[in-house]
Amino acid sequence: MLFLTLTIMVVGIRLPFSAIGASLGFVPLPASYFLWLTLIISGYCVLTGSIPPFKILKYKNNLDR
């Protein structure tokens with residue numbers, strides 16, 4: 001599943017830079033797009049990875065009562 005996801009991502013990113021993409025009317029995205037994309041995805045990963053431990057502690061304390 002991970003391999004398939006990564007393959008689709010690579011094809012989607014490279015397609016506008018290829019001759020096929022040009023014939024379809026695709027244009028390459030600016031480099032700043034990829035910078036923002038990286039920052040947003042990194043922030044999402046940090047947030048979704050840091051919230052569950054707090055929720056576990058909160059609900060574990062409620063179960064102990």
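Each value in this text was obtained by applying a stated rule to the coordinates, not by laboratory testing. From a predicted model like this one, the values you see are computed outputs, not experimental measurements. Glycine also receives a Cβ, built like all others from the backbone with ideal geometry; neighbour counts cover every protein chain displayed.
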Please turn the phi angles of region 38-47 into ³J(HN,Hα) values with the Karplus equation 6.51 cos²θ - 1.76 cosθ + 1.60 (θ = phi - 60°), one per residue in order, whole Hz, x for glycine and proline. 4, 5, 5, 5, 5, x, 4, 5, 5, 5
For q = 0.19 Å⁻¹, what log10 I(q)/I(0) does the chain give under the Debye formula with an equal point scatterer on each alpha carbon and no solvent? -0.88
PRE reach from residue 32 (point 7 Å along Cα→Cβ): which of region 1-23 fall under 13 Å by backbone N? none
